[in-house]
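A.B. asks: Structure below; questions to follow.
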Amino acid sequence: MASSTASNPLETKSALNRKNPLLDKWSVEQAADLYGIKNWGAGYFDISPSGDVMVNPQGKPGHPSTSLREIVDGLRERGWDMPVLLRFEDILASRLRLINESFAKAISDYGYKGKFRGVYPIKVNQQQQVVEEVTTFGKQFHHGLEAGSKAELLTAMSYLDDPEALLICNGYKDAEFINLALSARRLGIQCVIVIETMVELPLIIERSKALGIEPIIGVRLKLSSSGSGHWKSSGGDRSAFGLSTHQIIQAIDELRRADMLHCLRLMHYHLGSQVPNIRDVRNSVVEAARTYAGLVKEGAPMGFLDLGGGLAVDYDGSATNFASSCNYTIGEYARDLVEVVMTILDEDGLEHPTLITESGRATVAYYSVLIFNVLDVSRFAPSSKLPDLPDDAHDYSKHIHHASKSLTRKNMQEVFHDTLYYRDEIRELFKYGKVGIRERGVVEGIFWTTTQRIAEMLKDEKYVPDEFEGLNVAIADTYHSNLSVFQSLPDIWAIDQLFPVMPIHRLNEAPTRQAQIADITCDCDGKIDRFIDLQDVKSTLTLHELEDDKDYYLGTFLVGAYQETLGDLHNLLGDTHVASVRVDEDGKFEIRSEIEGDSIADVLEYVEYDPKEVASRFRRRAEKAVRDDKISSRERKQIMEIYLRNLNGYTYYQS
Ligand SMILES: Cc1ncc(COP(=O)(O)O)c(C=O)c1O
């Protein structure tokens, strides 16, 4: 047992509260480094000198920006509770411009003879606002849409009214899907039916002859190259969709027999979403361009080469080929695609096709920010002061107390072993009824206080023994926060995706706590315990101490892609409020549209309850309680008011 009587930090001034000269010098620049905002913010997000996260929707220095904290205050004044999803229309516009201008520049720099036509895949964020914005703002670039189902196609047919824009139909198609796509042709929409599986081809031929409408046909190539990262299985020989080269030849022969080879105009492939490595992008386009050239040589008129999605977002800001990052810019992506296609087609003297990309994530990820408030903090070491032991405490309790008091930098390993040992012994004794709950509680408190003290000491040590690895995580605080990971950030739970998370204010103050975030579902997976880092993935996030009676807001950034409609109703926590925000020339924000989040009645309806029936069942129950003299009629009135208020209220924590 450790018995050093050297200076005892627990009895003198706690090192936790000791003045740390670094904290005195804290600056917003340090906050920017800590949270990496300049790396992943892509110019849209930064920190003001007063410590607020600022959004600059144009993404350009010198353009107006506004404080997220002020937007949240404005929403609260209007009676909104958290969590809230903020959408910035101008960011979406800026992304569309960036993608289109990057390709335009690459085309002009290389002297490529074809055009660029982007299409936005509706599945990435199907919200009406997004599709409307893409088709309205994207019109100047003839930016089109990609539909992967009948529902998406119906939407696209109603929103896309630019005859020069493309409407690409991917996904598994039945006769009605094909009828719809052919009808779109009649209306002058450049609608391309992409053959995903061989069974679709006879259906397309039959439907087109029956309706007397010539389709624009595309084939989806199953690449033999595959990317890396979370979504790599979308590409490669084993991918679910697309035709092998063998099947492509069959399709050509079948179209020729049906006298429809002249309808084959497009070749498509999709390597997978979020392709972090530019080498994979390059490898795949080489294979695709060769196949495209082969199709032309087979006699198909072609003209369009669709390079699919995959343009990645640098979520962690590391600019590497890590799954949450990417080692290239949009400019490099555009240049590589243009250059490879041009070089390969020039070898055979073939015409340069119109290049299409289906970038979804890179178009919408930056557009939305989820803001939530922290409700409460759980700490493992409730106090930095050692609790007193009762005189009749068990010997083991006295030993752990003594060991803890003797803690110094020199003996910390020994003290750690001792406290761990006695903590476990006391737990055993508790199981056999030899010590009571209060004594066990005191011993657990001593253990965590000691562990916390050791973790503090380790911060200054050059060498950290293996057994202390992960100690920081073990003692991290839990910040209970007003959100549902399953509803708002499903990819964190489902595929361990990383998103930048950080406070949106108080960034001029040094954050001092290591924390993980727990949501308000009662599911142990409802947490955020992996955070972005330049070198690695962090297990804790550095946050500020909560201040009494003051809100503390965190933001999860870059959540515009895939999160909204993939979210589910775990614990019946529904859609959050959504505010669409615009920033004017003076940096003032305007709330352009407000979409109220689900009420409890709404989510009950989703799971097939009739809220009126639910309420009347409860009303009958309350009435019976009056009849049985359990409550008075006045109490019934009060109970019914509470019940109905909640039924129509927000599903999240309301302050
Ligand atoms: C066929 C197709 N195109 C485009 C996309 C969009 O990909 P991303 O969001 O990576 O741009 C997807 C999504 O996986 C897809 O399946």
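The values are calculated or read from the model by the stated rules, or taken from the named source; none is laboratory data. Note that this is a predicted model, so its numbers are computed, not measured. Quick reminder, even Gly has a Cβ in these numbers, built from the backbone with ideal geometry, and neighbours come from all protein chains shown. Only protein heavy atoms, including side chains, enter the accessible area calculation; ligands, DNA and RNA are left aside. Shrake-Rupley method; radii C 1.70, N 1.55, O 1.52, S 1.80 Å.
A.B. asks: Assuming R0 = 56 Å, what is the FRET efficiency of residue 254 and residue 466, from their Cβ-Cβ distance, to the nearest 0.05?
C.D. replies: 0.30
A.B. asks: A further question on this structure: In the structure shown, do any of 38/459; 431/462; 405/434; 434/459; 385/550 have a Cα-Cα gap over 28 Å, and if so which?
C.D. replies: 431/462; 434/459
A.B. asks: Another question, then. Once you keep just the Cα pairs under 8 angstrom separated by 6 or more residues, what percentage relative contact order results for the chain?
C.D. replies: It rounds to 17 percent for the chain.
A.B. asks: Right, another one. Work out how much length residue 290 to residue 633 would gain on full extension: take 0.36 nm times their residue separation and subtract the Cα-Cα distance, in nm to one decimal.
C.D. replies: 115.4 nm
A.B. asks: Under the rule of -39500 (n - 2.57) per DSSP H run of 4 or more residues, summed and divided by the residues of the chain, what mean residue ellipticity at 222 nm is obtained, to the nearest 500 deg cm²/dmol?
C.D. replies: Helices in the chain give a 222 nm mean residue ellipticity of -12000 deg cm²/dmol.
A.B. asks: Residue by residue through the range 359-369, what is 3J(HN,Hα) from phi via Karplus (6.51 cos²θ - 1.76 cosθ + 1.60, θ = phi - 60°)? Round to whole Hz and write x for glycine and proline.
C.D. replies: Coupling constants for the range 359-369: 6, x, 3, 5, 7, 10, 4, 6, 5, 10, 10 Hz.
A.B. asks: Right, next: Give me the percent of the accessible area of the chain that comes from carbon and sulfur atoms, probe 1.4 Å, all protein chains in place.
C.D. replies: That fraction is 48 percent.
A.B. asks: Report, ordered by chain and residue number, the lysines lying within cross-link reach of residue 637, taken as a straight Cα distance under 24 Å and ignoring same-chain residues fewer than 8 apart.
C.D. replies: Candidates past the 8-residue exclusion: 612, 624.
A.B. asks: Restricting to bridges with both residues inside the range 453-577, how much of the DSSP beta-bridge set is antiparallel, in percent to the nearest 5?
C.D. replies: 70 percent
A.B. asks: Out of all DSSP beta bridges with both ends in the chain, state the antiparallel percent to the nearest 5.
C.D. replies: Within the chain, antiparallel bridges account for around 45 percent of the total.
A.B. asks: How about the range 28-73: which chymotrypsin sites (Phe, Trp or Tyr not before Pro) there are in a DSSP loop, with at most 10 other Cβ atoms within 10 Å of their Cβ?
C.D. replies: Sites meeting the loop and neighbour criteria: none at all.
A.B. asks: If you find the alpha carbon centre of the range 525-577 and of the range 33-80, how far apart are they in angstrom?
C.D. replies: 17 Å
A.B. asks: If you don't mind, another one. What per residue convex hull volume, in Å³, comes out for the range 170-359 when only alpha-carbon positions are used?
C.D. replies: Once divided by residue count, the hull of the range 170-359 is 112 Å³.
A.B. asks: Still on this structure, I have one more. For the chain, what is the per residue volume of the convex hull drawn over the alpha-carbon atoms, in cubic angstrom?
C.D. replies: 214 Å³
A.B. asks: If you put +1 on each Lys and Arg Cβ and -1 on each Asp and Glu Cβ, how big is the dipole of the chain around its Cα centre, in Debye rounded to 20?
C.D. replies: Rounded to the nearest 20 debye, it is 460 debye.
A.B. asks: Amide H of residue 118: which non-local residues (sequence gap of 5 or more, or other chain) have their own amide H closer than 5 Å, using H built in the peptide plane?
C.D. replies: Hits under the 5 Å cutoff: 144, 357.
A.B. asks: Then there's this: Identify all aspartates and glutamates with a Cα-Cα distance to residue 410 below 20 Å; exclude those on the same chain that are fewer than 8 residues away in sequence.
C.D. replies: 11, 418, 456, 460, 461, 466, 467, 469
A.B. asks: While we're looking at this one, here's another question. Can you tell me how much longer the chain between residue 132 and residue 432 gets when fully stretched, taken as 0.36 nm per residue apart minus their C-alpha distance, in nm with one decimal?
C.D. replies: 101.3 nm
A.B. asks: Moving on to the next point. What nm distance separates the two modelled labels at residue 385 and residue 244, each placed 7 Å from Cα along Cα→Cβ?
C.D. replies: Once both label points are built, they end up 7.5 nm from each other.
A.B. asks: Now for a different question. For residue 282 and residue 646, FRET efficiency with R0 = 45 Å and r from the beta-carbon atoms, rounded to 0.05?
C.D. replies: Efficiency at R0 = 45 Å is approximately 0.20.
A.B. asks: Just to be sure I understand the model, the point goes 7 Å from the Cα along the line to the Cβ. What's the resulting residue 224 to residue 592 distance in nm?
C.D. replies: Distance between label points: 4.7 nm.
A.B. asks: What is the gain in length, in nm to one decimal, between residue 108 and residue 550 on full extension, counting 0.36 nm per residue of separation less the C-alpha to C-alpha distance?
C.D. replies: Once the chain is fully extended between residue 108 and residue 550, it gains 153.7 nm.
A.B. asks: With every protein chain left in place, what is the accessible area per residue of the chain in square angstrom, probe 1.4 Å?
C.D. replies: Per residue, the chain has an accessible area of 45 Å².
A.B. asks: Between the range 413-477 and the range 345-367, what is the C-alpha centre distance in whole Å?
C.D. replies: So the two Cα centres are separated by 57 Å.
A.B. asks: Would you mind checking which residues have amide H under 5 Å from residue 435's amide H? H placed 1.01 Å from N; only 5 or more apart, or other chain.
C.D. replies: It is 430, by chain and number.
A.B. asks: Something else: Using just the C-alpha positions of the range 319-426 as equal point scatterers, what log10 of I(q)/I(0) does the Debye formula give at each q in 0.12, 0.14 1/Å?
C.D. replies: The computed values of log10 I(q)/I(0) come out as -0.70, -0.80.
A.B. asks: Still on this structure: Assuming R0 = 22 Å, can you tell me the calculated FRET efficiency for the pair residue 534 and residue 29, based on Cβ-Cβ distance, to the nearest 0.05?
C.D. replies: 0.90
A.B. asks: Ordering 600, 475 by how much accessible area each has at a 1.4 Å probe, largest first, what is the list?
C.D. replies: I get 600, 475, largest accessible area first.
A.B. asks: Report the Cα centroid-to-centroid distance between the range 124-176 and the range 622-655 in angstrom, as an integer.
C.D. replies: Each part reduced to its Cα centre gives a spacing of 47 Å.
A.B. asks: Tell me which lysines have Cα within less than 27 Å of residue 115's Cα, excluding those fewer than 8 residues away on the same chain?
C.D. replies: Result set, ordered by chain and number: 60, 105, 123, 139, 222, 297.
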